[in-house]
There are 2 protein chains.
Amino acid sequence: MKNLLAVDWGSSTLRGARIDAGGKVRAQRSFERGILSVAPGEFPSVFDACFGDWMDADTFCLMSGMVGSKQGWLEAPYCSCPAGFDEVAAGLAWVDPGRVAIVPGLSCEHDGPPGVAGLQSIPDVMRGEETQILGALQLLGLDQGLVVLPGTHSKWARVKAGRVESFSTFMTGEFFALLRQHSILSRTLPAGDAGFDAVAFEQGVALALRGESLLHSAFGVRTLSLFERLPAAALSSHLSGLLIGEELRGRSWQGAAEVIIVGAEALSLRYQCALALQSVPAQRLGPEATWAGLWAIANRNFPD
Amino acid sequence: MKNLLAVDWGSSTLRGARIDAGGKVRAQRSFERGILSVAPGEFPSVFDACFGDWMDADTFCLMSGMVGSKQGWLEAPYCSCPAGFDEVAAGLAWVDPGRVAIVPGLSCEHDGPPGVAGLQSIPDVMRGEETQILGALQLLGLDQGLVVLPGTHSKWARVKAGRVESFSTFMTGEFFALLRQHSILSRTLPAGDAGFDAVAFEQGVALALRGESLLHSAFGVRTLSLFERLPAAALSSHLSGLLIGEELRGRSWQGAAEVIIVGAEALSLRYQCALALQSVPAQRLGPEATWAGLWAIANRNFPD
């Protein structure tokens, strides 16, 4: 294969990596030009401004993330689970046929509510995470595993025989931001980054794992402050523990020897800590998973 | 006893009732002058403007709600549970001794997180609801029961032998508003009141009762819309069902033959519907519970 320009174009960030014919990442760039900042019709010009100099005759480009959504450059219809590298590679949306393409997201179905007519199943979706999940397993030399990608909308995915069997989205990061910025807790929580308080975090995780409803325990952040049971600097960590613990509460570890965490370091460490409270081992990977995933998909589509 | 001016002064609303010496409500008034709209020092003038003409020589005044908080007219320290009419009546904060008083709120303690050092218990608080709870039971001729007051911060209280033994706060109404107004769902949910869709509501309740995490099921509101599995007009009812179902999920009905719902009619009916899905009978009471509670407390403090 020739060189690859691997692009991760999400809602708020645009990142790219130049990968040589041997699969080695040679350079990386990052821009605050997520798709929410790009007007319809302006995708080609933003792309050229950011990566035009890398797109020589010997380079292909593969993009993943929200760039393939209805609000993106070109819609890449969701690929149904189970789906692995082959299914995803077969579903590329071609911006410039043979040269520039977008990786499709995945969809799956969850069981609908029991005993109530109408909703037989409820869909779930991801865009960009499929590339990270498959790339992470490739880097680890695995063809199965339980993978979590923490974030605004965390994803939990089960992979078997190299294909994502099913996954679930959790609005954990978004709930944290909503409660911090817009709820009654915004008056209680100190502004800015108060740092990480491991004890307050673990207390929050333990409460959530006990089955305490988040609707109730979140109010505790306020009363713990009112009654001065937790210092102001610890409240944010406690809330973070309540939320991450709630995300873990419903997960089943059956058959998973460990959890693979793919994401930014600080947040991934919190998940690793929360999992350790349940004696579940975890290993962490960073953005290299995205590049590995795009590289593997490219190899199926841009052979020599 | 003389006449009573009963006042329910909450965060966003100020309501008052003129109750005659026989306990009959003669007139009611309501103002958009909750304590959040009143500057420190202006409580007496707002009170006079709204109710001055009712405060003759033969009238006492008793107030409940956030007016007794630090941000209110005069702080009435919390009364610890268990607490009934006698404890609350003994804890009045006197604005005008012998003539105008504020009812204290209640506090209780919940078990802290298991297996983690530090937090032995977590406090919970209410202000105003204690009066409604005790008033509701008085109206029903009961001295025990399980009472819920749905709202921005719902309260569940267990009463035994005429005293509130314990209670729990759920930020259900606030979460609903946060998700509707500030989350990614705000793009999906139609603006304004879409009306009530009973089937979509019950589907939401059933999902929550199954133990589905709210962090996950809330994202379903988005995907159900994306995939056109629910009409736009039904989404808000579905989200309401997810939240009320989550509030009910953790409740234990042990020993409660029924639930007493005290609140506004439309919201109370939703709770009654959700409880019926669990075969839990419920009866409903409205604002008359507040007046009955204040009247009973007044009778202990303003005897002839």
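The values are calculated or read from the model by the stated rules, or taken from the named source; none is laboratory data. Computed from a prediction, not measured in an experiment: that's the story for all the values here. Here the Cβ positions follow ideal geometry from the backbone for every residue, glycine too, while neighbour counts run over all protein chains shown.
Data overview
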| quantity | calculated |
| --- | --- |
| Failed condition for B:K155, given (1) at pLDDT below 95; (2) surrounded by 18 or more Cβ atoms within 10 Å (Cβ to Cβ) | (1) |
| Scan of the stretch B:206-216 for residues that are assigned to a helix (DSSP H, G or I) and either facing another protein chain (nearest Cβ under 8 Å) or basic (K, R) (or both), ordered by number | B:A206, B:L207, B:L214, B:L215, B:H216 |
| Hey, B:G23 touching a Phe, Trp or Tyr at 6+ places or on another chain (Cβ under 6 Å), part of a loop (DSSP other than H, G, I, E, B) and not aromatic (F, W, Y) or not | yes |
| Residue check for B:P82: in contact (Cβ under 8 Å) with a residue 60 or more places away in the chain and under 20 Å from B:K155 (Cβ atoms) | yes |
| Extreme residue, surrounded by the most Cβ atoms within 10 Å (Cβ to Cβ), among residues of the stretch B:11-31 that are over 19 Å from B:F302 (Cβ atoms) and modelled with pLDDT under 95 | B:S11 |
| Set A:L243, A:L239: member being closer than 30 Å to A:T290 by Cα and either surrounded by fewer than 23 Cβ atoms within 10 Å (Cβ to Cβ) or more than 9 Å from chain B (Cβ to nearest Cβ) (or both) | A:L239 |
| Lone qualifier among A:V280, A:V221 - being surrounded by 23 or more Cβ atoms within 10 Å (Cβ to Cβ), more than 9 Å from chain B (Cβ to nearest Cβ), among the β-branched types (V, I, T) and more than 30 Å from A:A93 (Cβ to Cβ) | A:V221 |
| Residue in the stretch A:98-112 that is modelled with pLDDT under 95, more than 30 Å from B:A206 (Cα to Cα) and not hydrophobic (A, V, I, L, M, F, W, C) present | yes |
| Residues satisfying the stated conditions in the stretch B:184-204, i.e. under 21 Å from B:T152 (Cα atoms), crowded, with 23+ Cβ neighbours inside 10 Å and at the interface with chain A (Cβ under 8 Å from one of its Cβ atoms) | B:E202, B:G204 |
| Tally of residues being within 19 Å of B:T290 (Cβ to Cβ) and either modelled with pLDDT under 95 or touching a Gly at 6+ places or on another chain (Cβ under 9 Å) (or both) across the stretch B:60-77 | 11 |
| Failed item, numbered, when B:S225 is tested on (1) without any contact (Cβ under 8 Å) to a residue 60 or more places away in the chain; (2) not in a helix (DSSP H, G or I) | (2) |
| Selection within the stretch B:149-183 - more than 8 Å from chain A (Cβ to nearest Cβ) and either in contact with a Gly (Cβ under 6 Å, 6 or more places away or on another chain) or free of Cβ contacts under 8 Å to residues at least 12 places away in the same chain (or both) | B:L149, B:P150, B:G151, B:T152, B:V159, B:G162, B:R163, B:G173 |
| Cβ pairs under 8 Å, 6+ apart, first in the stretch B:8-36 and at positive phi and of a type in the set (V, I, T), second part of a strand (DSSP E or B) and at pLDDT 95 or above | none |
| Condition met for B:V164 (in contact with a Pro (Cβ under 7 Å, 6 or more places away or on another chain) and not in a helix (DSSP H, G or I)) | yes |
| Test result for A:L207, within 17 Å of A:A274 (Cβ to Cβ) and in contact (Cβ under 8 Å) with a residue 12 or more places away in the chain | yes |
| B:R180 vs. criteria in contact with a strand residue (DSSP E or B) (Cβ under 9 Å, 6 or more places away or on another chain) and part of a helix (DSSP H, G or I) | no |
| B:A208 among the small types (G, A, S), surrounded by 19 or more Cβ atoms within 10 Å (Cβ to Cβ), closer than 26 Å to B:I122 by Cβ and in contact with a helix residue (DSSP H, G or I) (Cβ under 6 Å, 6 or more places away or on another chain) | yes |
| Residue count for the stretch B:148-207, restricted to those that are of a type in the set (K, R) and closer than 24 Å to A:L119 by Cα | 2 |
| Residue in the stretch B:252-270 that is within 12 Å of another protein chain (Cβ to nearest Cβ) and either surrounded by fewer than 22 Cβ atoms within 10 Å (Cβ to Cβ) or farther than 28 Å from B:S166 by Cα (or both) present | yes |
| Qualifying residue in the stretch A:128-141 (condition: more than 9 Å from chain B (Cβ to nearest Cβ), touching a Cys at 6+ places or on another chain (Cβ under 8 Å), more than 24 Å from B:F201 (Cβ to Cβ) and at pLDDT 95 or above) | yes |
| Qualifying strands (runs of 3 or more DSSP E) (wholly inside the stretch A:31-139; at least 2 residues being more than 20 Å from A:R18 (Cα to Cα) and within 18 Å of the chain's Cα centre (by Cα)) | A:106-111, A:121-126 |
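Yes/no per residue for (1) among the aliphatic types (A, V, I, L, M); (2) within 16 Å of the chain's Cα centre (by Cα); (3) more than 21 Å from A:F170 (Cβ to Cβ); (4) in a helix (DSSP H, G or I):
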site: A:V221; (1), (2), (3), (4): yes, no, no, yes
site: A:G245; (1), (2), (3), (4): no, no, no, yes
site: A:R251; (1), (2), (3), (4): no, no, no, no
site: A:L269; (1), (2), (3), (4): yes, yes, no, yes
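Here is a yes/no grid of residues against (1) in a helix (DSSP H, G or I); (2) within 20 Å of A:E129 (Cβ to Cβ); (3) not hydroxyl-bearing (S, T, Y):
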site	(1), (2), (3)
A:S236	yes, no, no
A:A257	no, no, yes
A:Q272	yes, yes, yes
A:S279	no, no, no
